[in-house]
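Q: Just passing along the structure, written as structure tokens.
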Amino acid sequence: MNELQAVLNLISSALLGDLASFLSPRLVIAKDDTASTDGKTWIRLPEEFLGIRLGETRSVQVFIGLLAHEVGHWLQPLKAITEVEKKTGLHHDIVNIVLDVHLEHLVPVIFPLFAVPLEAVRAVVRDAHKSDYEKLYKEASDFLQAADAALLFGRFCVDTETSFSSPYALIQRKITRNRKIDESRITALVERVDCVVSTSCTGLPGYIEKLAVDFPELCQPSVIFGIRNPLDSLKSGGDGMDVVRNLLEDLKTDTDRASATVVEERPSGHNPASAETLALSRTLQKRWNMPHGSGVIMAPGRLNRLSALRGDPMPFTMPAPIKGKQSPQTKIVLVVDWSGSMGVNDNAPWKAAMQAAQAIAQAIRSTGGDVRAAVFAEQLWHAPDFSAELLFATSLSSISLIEARGEDTDFSWLPHVWQTFPTHRVVLLTDGNGYPPKAILPSGRKRTSAVLLQVRRNLPTNVAQIEATIQSFASNFVHVDNLRELAAAWALLIPRRMQ
């Protein structure tokens, strides 16, 4: 229960930003058949879902998936959709499936770490109901029943890694084929539902109304099926969280392009910081040094020579402890562009970037901060736990950290980092344009900064385009034209602990 509430708080913080403390919904565990939400103040999860009880070892991913599913409804205008359902008579189960396909595609775009829990939920439903859906389709006496069975089969039983897959095997398989049903109409419906993932949240009411017009056979609201969808999105009524939808109304999601792959590898080899880097680190350390107390007190500690010369009986002092709240530590994720353009001029830009990253990491560590690191090109590579030891290694599995060789530049891994480190500042260094994230949350953008390395010198005609891309996901950026200024400029983007 506490872990699930923590997950909900994390989601609320990411979606709502500073408003999370005022609007964060609470989690309720109830004796219900399935999960539900009022879209505003609470999310209800069942004590048991299809034979899996909350608290069992295998239940963790499933119940996080149920939670993520309900959060997806915050993004949907449920009240307007309910009105369209009443107006058209489109069967509730069909509406429900359409909404679920849409949200379970969208949620992993915004929160990549929820892809696996949502897959776990779909797998549980598949194991429990696959044969039921096959039987319902085979025995269906009309188009509506066959459509419901086919869509549920596509939701859960074809490919659990996606929110919906075409159930052609069900439609055309001999043992389940239903010759009383017009297969071409079922296929047309399947293709239409498959396309809902390209519809914006605000466009859902119009999409559903058009679906009812084009498939009037589905407009029979009084029909009751022998099997139901275990995830009933409109059970609780209500509406999507208006504040969330208002904050995200400009959210653009690119559904035609896959997100960059995030790869974890173990670092190997040793690339120690040079004497020059260590000296630079000591200089940078001053930025994050914080006073350790408001003064000193007499106590066993450091010898005070003046007190000893005066003959004081206790010529030792130590820093006075800080009263009240401690200043928060610096928490940062350093991400370095590994694309091939960083390898020009005998890898000078790459070497300068790694030296700067080493110096910053050493400086922040020495002041008690938390530093994580990764490198990116066409995908993102990181060590276990995003350890900054990557910066002091010679390779990361097959990836050389001595020279830059990446083929492309892609920033679509950012939501993964934002979700993995919800309280860290993310500072990346890049020398060129790349693909932006598929979805950009304001709360993630607010704590992201970028260093643009020699862009004005090497890509003068692309500066405006590169800046526009960076500004879409980073709240601020700086240009660095001289490699010797890189570390200082990078450090300036990392706030002090008290900030």
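The values are calculated or read from the model by the stated rules, or taken from the named source; none is laboratory data. Since we're looking at a predicted model, the values are computed, not measured. Ideal geometry is used to build each Cβ from the backbone, glycine not excepted, and the neighbour counts take in all protein chains shown. The accessibility values were calculated without ligands, DNA or RNA, using every heavy atom of the protein model including side chains. Shrake-Rupley method; radii C 1.70, N 1.55, O 1.52, S 1.80 Å.
Q: Which of the residues spanning region 159-174 are polar (S, T, N, Q) and either touching a strand residue (DSSP E or B) at 6+ places or on another chain (Cβ under 9 Å) or at pLDDT 80 or above (or both)?
A: In the first step, residues of region 159-174 are kept if they are polar (S, T, N, Q); the result is 160, 162-163, 165-166, 172.
Within region 159-174, THR160, THR162, SER163, SER165, SER166 meet the criteria.
Q: Confirm whether VAL60 is surrounded by fewer than 19 Cβ atoms within 10 Å (Cβ to Cβ), touching a helix residue (DSSP H, G or I) at 6+ places or on another chain (Cβ under 7 Å), over 16 Å from PRO230 (Cβ atoms) and at pLDDT 85 or above.
A: Working: surrounded by fewer than 19 Cβ atoms within 10 Å (Cβ to Cβ): yes; touching a helix residue (DSSP H, G or I) at 6+ places or on another chain (Cβ under 7 Å): no; over 16 Å from PRO230 (Cβ atoms): yes; at pLDDT 85 or above: yes.
Considered against the rule, which asks whether it is surrounded by fewer than 19 Cβ atoms within 10 Å (Cβ to Cβ), touching a helix residue (DSSP H, G or I) at 6+ places or on another chain (Cβ under 7 Å), over 16 Å from PRO230 (Cβ atoms) and at pLDDT 85 or above, VAL60 comes out as no.
Q: Still on this structure, please answer the following. What tally of residues in region 378-387 results from selecting those that are surrounded by fewer than 24 Cβ atoms within 10 Å (Cβ to Cβ) and either free of Cβ contacts under 8 Å to residues at least 12 places away in the same chain or not charged (D, E, K, R) (or both)? Full working, then the answer.
A: First, pick out the residues of region 378-387 that are surrounded by fewer than 24 Cβ atoms within 10 Å (Cβ to Cβ): 378-379, 381, 383-387.
So of that shortlist, the ones also either free of Cβ contacts under 8 Å to residues at least 12 places away in the same chain or not charged (D, E, K, R) (or both) come out as 379, 381, 383-384, 386-387.
Summing the residues that are surrounded by fewer than 24 Cβ atoms within 10 Å (Cβ to Cβ) and either free of Cβ contacts under 8 Å to residues at least 12 places away in the same chain or not charged (D, E, K, R) (or both) in region 378-387 gives 6.
Q: Just give me the residues in region 76-114 being touching a helix residue (DSSP H, G or I) at 6+ places or on another chain (Cβ under 6 Å) and among the aliphatic types (A, V, I, L, M), in sequence order.
A: Selection gives ALA80, ILE81, VAL84, LEU90, ILE94, VAL95, ILE97, VAL98, VAL101, LEU103, VAL107, LEU113.
Q: Among the residues of region 437-456, is there at least one that is in contact with a strand residue (DSSP E or B) (Cβ under 8 Å, 6 or more places away or on another chain) and without any contact (Cβ under 8 Å) to a residue 24 or more places away in the chain?
A: No, every residue in region 437-456 fails to be in contact with a strand residue (DSSP E or B) (Cβ under 8 Å, 6 or more places away or on another chain) and without any contact (Cβ under 8 Å) to a residue 24 or more places away in the chain.
Q: Right, another one. Quickly run through region 329-350 and pick out the residues that are out of contact with any strand residue (DSSP E or B) (no Cβ under 7 Å at 6 or more places or on another chain) and within 19 Å of PHE477 (Cβ to Cβ).
A: Matches in region 329-350: SER341, MET342.
Q: Oh, and also: Tell me yes or no: at least one residue of region 68-80 is open to solvent by 40 Å² or more (accessible area, probe 1.4 Å) and within 24 Å of GLY154 (Cβ to Cβ). Walk me through it before giving the result.
A: We begin by selecting, within region 68-80, every residue open to solvent by 40 Å² or more (accessible area, probe 1.4 Å); these are 79-80.
In the following step, the residues that additionally are within 24 Å of GLY154 (Cβ to Cβ) were identified as none.
Checked region 68-80: no residue is open to solvent by 40 Å² or more (accessible area, probe 1.4 Å) and within 24 Å of GLY154 (Cβ to Cβ).
Q: Another question, if that's okay. I'm trying to understand the selection: among the residues of region 35-46, which are outside any strand (DSSP E or B) and either touching a strand residue (DSSP E or B) at 6+ places or on another chain (Cβ under 6 Å) or open to solvent by 60 Å² or more (accessible area, probe 1.4 Å) (or both)? Quick ask: steps written out before the conclusion?
A: Step one: list which residues in region 35-46 are outside any strand (DSSP E or B), which gives 35, 38-41.
The answer is ALA35, LYS40, THR41.
Q: Are any of the residues in region 439-448 more than 19 Å from the chain's Cα centre (by Cα) and among the hydrophobic types (A, V, I, L, M, F, W, C)? Spell out the reasoning first.
A: Start the filter on region 439-448 by keeping residues that are more than 19 Å from the chain's Cα centre (by Cα), which leaves none.
No.
Q: How many residues are open to solvent by 50 Å² or more (accessible area, probe 1.4 Å) and hydrophobic (A, V, I, L, M, F, W, C) if we restrict to region 453-476?
A: So the answer is 3.
Q: If you check LEU204 against the conditions, is it over 17 Å from GLN145 (Cβ atoms) and either in contact with a Leu (Cβ under 6 Å, 6 or more places away or on another chain) or crowded, with 17+ Cβ neighbours inside 10 Å (or both)? Please lay out each step first, then the result.
A: Values: over 17 Å from GLN145 (Cβ atoms): yes; either in contact with a Leu (Cβ under 6 Å, 6 or more places away or on another chain) or crowded, with 17+ Cβ neighbours inside 10 Å (or both): yes.
Criteria met by LEU204.
Q: Any idea how many residues of region 105-143 are more than 24 Å from the chain's Cα centre (by Cα), hydrophobic (A, V, I, L, M, F, W, C) and under 28 Å from LEU75 (Cβ atoms)? Reasoning before the result, please.
A: Filtering region 105-143 for residues more than 24 Å from the chain's Cα centre (by Cα) gives 125-143.
Adding the requirement that they be hydrophobic (A, V, I, L, M, F, W, C) leaves 125, 128, 136, 140, 143.
Retained after the next criterion (residues that are under 28 Å from LEU75 (Cβ atoms)): 125, 128.
Qualifying residue count, region 105-143: 2.
Q: For region 130-178, what are the residues that are open to solvent by 30 Å² or more (accessible area, probe 1.4 Å) and assigned to a loop (DSSP other than H, G, I, E, B)?
A: SER141, ASP142, VAL158, ASP159, GLU161, THR162, SER166, ARG173, LYS174, ILE175, ARG177
Q: Consider only pairs whose beta carbons are under 7 Å apart and that are at least six residues apart or on different chains; among these, list those whose first residue lies in region 397-409 and is open to solvent by 60 Å² or more (accessible area, probe 1.4 Å) and whose second residue is in a loop (DSSP other than H, G, I, E, B).
A: Taking only residues 6 or more apart or on different chains, the pairs are SER397/GLU265; SER397/ARG266; ILE402/THR394; GLU407/ALA377; GLU407/GLU378; ASP408/ALA377; ASP408/GLU378.
Q: Provide a single number: the residues in region 421-452 that are closer than 14 Å to ARG372 by Cβ and open to solvent by 50 Å² or more (accessible area, probe 1.4 Å).
A: Residues in region 421-452 being closer than 14 Å to ARG372 by Cβ and open to solvent by 50 Å² or more (accessible area, probe 1.4 Å): 2 in total.
Q: When LEU90 is evaluated against the numbered criteria (1) buried (at least 23 other Cβ atoms within 10 Å of the Cβ); (2) modelled with pLDDT under 95; (3) farther than 26 Å from LEU414 by Cβ, which criterion, by number, is the only one it fails?
A: Failing condition for LEU90: (2).
Q: Can you tell me which residue within region 212-235, out of those that are open to solvent by less than 20 Å² (accessible area, probe 1.4 Å) and either over 31 Å from the mean Cα position of the chain (by Cα) or aromatic (Phe, Trp, Tyr) (or both), is farthest from ARG44 (Cα to Cα)?
A: Let us first name the residues in region 212-235 that are open to solvent by less than 20 Å² (accessible area, probe 1.4 Å), namely 212, 215, 218, 229-231, 233.
Still in the running and either over 31 Å from the mean Cα position of the chain (by Cα) or aromatic (Phe, Trp, Tyr) (or both): 212, 215, 218.
Working: ALA212: 30, PHE215: 33, LEU218: 30 Å.
Checking each candidate, the answer is PHE215.
Q: While we're on this one: Every residue in region 362-376 that is hydrophobic (A, V, I, L, M, F, W, C) and at pLDDT 95 or above, please. Don't jump to the end; show me each part of the working.
A: Of all residues in region 362-376, those hydrophobic (A, V, I, L, M, F, W, C) come to 363-364, 371, 373-376.
Of everything in region 362-376, those that are hydrophobic (A, V, I, L, M, F, W, C) and at pLDDT 95 or above turn out to be VAL371, ALA373, ALA374, VAL375, PHE376.
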